[in-house]
Every structure is written in structure tokens, then in C-alpha cells.
Amino acid sequence: MSQLSHMIRRFNRFEIKYQISLQQAEAFKHAIQAYLTPDENGESSGRYSLASLYYDSPDFRCYWEKIDGIKFRRKLRLRRYETGEPLTPDTPIFVEIKQRVDRVTQKRRALLPYAQALSLCTDRQMPDHASEDRVFLEEVLAFAWQYNLQPASIVRYERQAFIGSQYDLGLRVTFDSALTHQQSPLTLHTPPASLPLLPADQVVMEIKVNERIPYWLTELLAAHNLHTVRISKYAQSITTAQNFSTIQSRAALSL
């Protein structure tokens, strides 16, 4: 997998999300291929796998900020673009802060060996780092200390991504399927113990754009009758886990 676009350290963009069926997703993919090309960072079709370990405070501050629609909010995660190779202490992964400021999504990140990423986010130890990453890593450390952040959820999924041409620079359309979550164990290096996050026939489609959605894309969205939703994979994982725990508790009481 090419690392070119994955090495970009900062993003500022608008993100619009849709929860659609597999059938709708396939029809929409077919429609956009006249305008977009598969992401070179994936396979020839633009597919790759992702795993994200999210951090939150003991009172789930980041989760509730999303649920309550707070206009300024942040969350910390470790993100791995999976390659099929074992995850070792030296495997490079991203440390990311994803931040929402009103309607704009901002993302800052640094690439660190897995062991150092854990040392930073879980153990609060500043790792060796490139000089250009210093300010960001100091922000991560302060964020972790301020809210006592700790591992809260792992989300995994398959992504197919398409990118814009020279006429639509910054445009990106992604389709996320086979979404799963787990609350234990909360480590990326252990075998997955995942549960479904959404029904198997559901896909999360995201449109990511620097300024505005191209006219041709708004026309396609209308033609396919697609409507935006407020969905966060992390928040959905916590809500789903809470609901599952409630069901388990009720079942135990009924025995």
C-alpha cells in the first residue's frame, strides 16, 4: 500500500455521512466511477482494512460530547491500516486527534511505532519523535492527562475509497462495510473479539470535501434518494455495547 496520502499530517474538511444498504452502495459506486478513481492506497479497487482503538475518559466525555452535539469536540485514537502482517511493537501506526469545530472536521496525526504509540496514549510517556511532530504529540499528552483518557473501544471495518480528479481536488468518497466493535480486550495486537456494529447489509458512506460538494455529486445524491445521517462509528460502538450489556443484565436477572 502506498503511504503518500497516509503521511499527510493535517486535514481540514467537511464530512457528510450516509447510512445506506449494500444494494444502494453498489449502485452509487457504479454511478460515481465516471467521475472518481479508486484510492491508490488500497488494492486496485481502492479497498483496504482499518482498525481504530479509541480513547475516552472514565465518564465517557468524548462519547457524550458527540451525543449532545457539542460544536467543539475532540477524540483520540490509534489507527492501523491493516496489511495482513502481524502487528509488532515496531509496526508503524497513526496517533490521531479528530476534532470537530462547528461543521468543519479537523484531523491531526503522527506516525509512530505501535509500542511508542501505546506508551504515549496509555502510559503518558513522550516517545522519540520527529521535530515536526513535537507540538502535536504534546497536545496528545496534555489531552490524555487532562481527561484521564484510557482505551474505550476498538472499531474495525473494510473500506473502499474513491478520490477526485484534478477538477475535484480534495474530494473523497468512502464506503465502509463489515463494521465491528469490541470492548475487550482493548488492544490491537490481540486476536479480534468483535461484534457487529451495524446490520451486515448496511454501509456507511462518507463524502469528504475541502469546500463544497461538486454539482454533479449533489445531482447523483438526489437521483439516488440518499439522505444524510448523524453517525459516529465510535459513538455507535459505545451505544451498541451499552445496549448489549443491558440485554445481558436483564437476561441474568431472569434466570
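The values are calculated or read from the model by the stated rules, or taken from the named source; none is laboratory data. Being a predicted model, the structure only gives us computed values, none of them experimental. Note that each Cβ is placed from the backbone with ideal geometry, even for glycine, and that neighbours are counted across all protein chains shown.
Just one of the numbered conditions (1) over 26 Å from residue 91 (Cβ atoms); (2) surrounded by 17 or more Cβ atoms within 10 Å (Cβ to Cβ); (3) modelled with pLDDT under 95 is not true of residue 183: (1). Taking the stated definitions as given, is residue 87 part of a strand (DSSP E or B) and either touching a residue at least 40 places away in the same chain (Cβ under 8 Å) or closer than 19 Å to residue 73 by Cα (or both)? The answer is no for residue 87. Please enumerate the residues belonging to the stretch 108-147 that are touching an Asp or Glu at 6+ places or on another chain (Cβ under 9 Å) and not in a helix (DSSP H, G or I). Result: 108, 109, 110, 111, 112, 113, 126. Against the conditions (1) among the aliphatic types (A, V, I, L, M); (2) under 21 Å from residue 51 (Cβ atoms); (3) in contact with a Gly (Cβ under 9 Å, 6 or more places away or on another chain), residue 144 satisfies every one except (3). The requirement of being buried (at least 19 other Cβ atoms within 10 Å of the Cβ) and either acidic (Asp, Glu) or under 25 Å from residue 241 (Cα atoms) (or both) is fulfilled nowhere in the stretch 84-92; no residue meets it. Filtering the stretch 44-51 for residues that are part of a loop (DSSP other than H, G, I, E, B) and surrounded by 16 or more Cβ atoms within 10 Å (Cβ to Cβ) leaves a non-empty set.
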